[in-house]
Amino acid sequence: MIGSAADRQALEAKVKSLPTSPGIYQFKSDGGAVLYVGKAQNLRSRVRQYFGGGDGRHQIPVLMDRVADVDVLATANVKEALLLENELIKRHKPVFNVKLRDDKQYLALRIDPRDEWPRISSVRRFRKDGADYFGPYTSSVALKESLSNLRRLFPLRSCSDGTFKDYARRGRPCIEYEMGRCLGPCCGLADPEVYADQVRGTTLFLRGRSDELVQRLRGQMQAASEAERFEEAARLRNRIEAVAHTLMEQQIVSDQKLERDVFGLARLGGEVEIQVLHVREGRVIAADDYSFSKVQIDDGEVMSSFLGQYYGKKDGRSAPREIVGSVVFDDGGGLEELLRERASHRVAIKTPQRGAAKRMVEIATRNAQIGLDQRLAARESVEAAMEEIRSECALARMPNRIECYDVSNLQGTLAVASRVVFEEGVPVKSAYRRYRIKQAAAGDDYACLGEVLGRRLARVETEALPDLLMVDGGRGQLGVVTAALEDAGLTVDTLGISKERDTESPSPRVKRSGGLKAERLFKPGRANAILLAKSSRGLLLLQRVRDESHRFAIEYQRDLRSKFGLRSILEELPGIGAIKRRALLKQLGSLRAVREASKAQLAAVSGVSGRDAETIHDFFARMAKVDEGPALPESGSGEGGPGGEDPRG
Ligand code: SF4
């Protein structure tokens with residue numbers, strides 16, 4: 001506790017007079033900042049534990065040393081306290097609370113059996129809208145894998161309602177039908193009963209009720225074979241095999257057929273790792289882990305707060321019937337009550353002492369420990385990398401937070417820029433931004449970069465500068481950064497990173513590394529480029545940041561391309577207007593033909609000059625190169641409007 005003896009006495013007197021009802025308490029600092037929010041069944045006795053020192057929590061003194069005041073809000077019950085606690089954690093982001101990061105989005109599959117022709121779609125939240133939801137899937141890779149398994153097993157439509165109507169109008173089904181992955185209901189090719197059966201099969205499969213599903217399929221296969229519908233029987237046999245194969249790939253952890261989420265926690269000082277296993281029908285169908293740093297509260301408080309946030313959102317995850325974990329906490333049954341209300345079924349939170357549930361908790365805890373060990377090892381290596389960058393590039397500060405910018409255009413069209421942010425070597429996706437260039441000419445990379453930096457630096461009051469501002473490029477780009485900073489009257493360490501050009505004679509270091517092109521780092525005021533060894537941790541970190549920034553810019557450009565369509569983009573190419581575009585399409589027959597045409601074929605189109613032909617040819621060549629680039633990792637939805645600045649998580 002801080003403050004004078006009189007202040008402390010006043011605070012202790014306040015604690016003694018707190019109500020004994022359930023509610024939330026907020027510890028505040030001298031300046032009134034909320035340091036910690038907790039919930040309690042009995043506010044007075046809970047808060048007194050902290051002040052009495054008999055709390056037994058390790059590291060609590062760090063919190064209590066800073067507490068100058070405590071405020072409480074009484075609630076009718078613990079369930080309400082839980083809701084309020086979540087709200088206040090979200091609002092105040094207290095430094096001593098564990099905060100479940102919202103940018104870790106989860107995904108789910110949705111089927112609405114009430115639709116005439118139900119479809120499976122991936123969604124980002126569970127809603128109470130009468131549809132069936134399955135998941136959560138913690139990565140889009142896991143979700144895509146599950147969807148592709150499903151499409152192999154159950155040929156339900158995957159198209160949106162708009163596409164469905166579109167194909168219905170055309171009177172012919174899409175390629176999904178040709179590939180046997182849809183029964184073609186859009187064109188009246190599907191038998192409603194057969195389709196409904198596929199919906200039931202999908203639901204059973206996703207619920208993990210595999211035995212029931214296989215039994216049903218066997219029954220249908222037998223019936224088909226007895227009726228001498230051998231083709232159908234063979235199809236059903238293949239489906240049974242595919243289901244069995246898919247199920248084999250999921251690890252069996254229990255012969256009990258329960259729905260269970262299993263939580264394991266590992267800790268080293270203030271570093272905490274929580275692993276979650278989603279077990280359905282005895283199989284682990286998904287797993288995920290969460291990391292927290294600088295945690296000062298004890299494990300019980302961590303777990304109770306974590307679960308409150310994990311399941312506590314209104315449109316949040318659907319809780320299974322059983323939640324098990326190794327950490328004991330007592331919230332007076334508030335969370336169970338809240339989850340029961342939301343899930344419309346009983347939810348039990350347990351700490352198993354024996355049997356399959358205990359073994360699952362051990363698995364989750366072991367995995368949490370592995371995750372924690374890996375994270376700490378990675379952090380050591382990141383710290384070494386940052387130290388190397390700082391010393392080799394003579395930076396004024398340790399590059400804990402790095403911002404990197406990249407500009408990209410396609411032959412003078414679709415000029416965009418990206419900003420990515422890394423903190424202690426980890427991407428902070430919620431701080432990513434993508435920019436559509438508003439004023440600079442699309443082909444002028446320096447002007448585009450200047451525009452974006454001007455926009456960024458104008459917001460320095462609401463968003464502090466990073467420790468290191470980096471740009472994908474050499475001296476020219478770095479000059480733009482320096483000028484933008486000077487204009488804004490700001491100072492920050494800056495670096496440019498670029499690959500040695502083909503025309504340049506390789507440096508001795510390049511020769512040593514087997515002739516590969518070296519990365520060069522540029523720093524204002526330094527005549528020569530800084531060359532770090534190819535295997536240097538520092539260089540690898542900077543390359544990672546630069547590559548991510550490049551990937552993010554290209555991803556935006558692709559999004560825009562699909563939004564505006566190639567036809568209209570063609571018109572934006574310098575020198576190509578609507579008339580030339582029409583001539584190209586008319587004389588070559590299609591956009592595809594334009595795309596695949598040689599320079600000579602393009603130049604042969606009346607009204608198209610040799611220079612136009614070159615522009616168009618280079619445009620498509622560059623586009624093909626971009627498309628061949630590294631596979632894009634998952635991304636959220638949403639578009640940055642033209643000229644917009646768009647945060648992407
Ligand atoms: S075949 Fe028809 S219903 Fe099936 S996915 Fe294609 S458009 Fe949709």
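The values are calculated or read from the model by the stated rules, or taken from the named source; none is laboratory data. Values in this document were obtained by computation on a predicted structure and should not be read as measured data. So basically every Cβ, Gly included, is an ideal-geometry build from the backbone, and we count neighbours across all protein chains shown. When the accessible area is computed, the model is the full protein with side chains, heavy atoms only, and any ligands, DNA or RNA have been set aside. Shrake-Rupley method; radii C 1.70, N 1.55, O 1.52, S 1.80 Å.
Computed from point charges on the beta carbon alone (+1 for Lys and Arg, -1 for Asp and Glu), the dipole magnitude for region 305-401 about its Cα centre is near 460 Debye. Note that region 588-598 has calculated 3J(HN,Hα) couplings of 9, x, 7, 5, 4, 5, 4, 5, 8, 5, 7 Hz, one per residue in order, obtained from phi through the Karplus relation 6.51 cos²θ - 1.76 cosθ + 1.60 (θ = phi - 60°); glycine and proline are x. Pairs exceeding 30 Å between alpha-carbon atoms, taken from Lys93/Lys358; Lys39/Lys350; Lys429/Lys499; Lys90/Lys358; Lys429/Lys563: Lys93/Lys358; Lys90/Lys358.
Apply 1/(1 + (r/R0)^6) to the Cβ-Cβ distance of Asp71 and Val426, taking R0 = 51 Å, and write down the FRET efficiency to the nearest 0.05. According to the calculation, E is roughly 0.90. When peptides 224-231, 433-440 are sorted by average Cβ neighbour count within 10 Å, with the highest value leading, the order is 433-440, 224-231.
Computed extension length for Ser609-Ser29: 201.6 nm, one decimal, from 0.36 nm per residue of separation with the Cα-Cα distance subtracted. The apolar share of the surface of region 340-428, taken as the fraction of accessible area on carbon and sulfur atoms (1.4 Å probe, ligands and nucleic acids excluded), comes to 46 percent.
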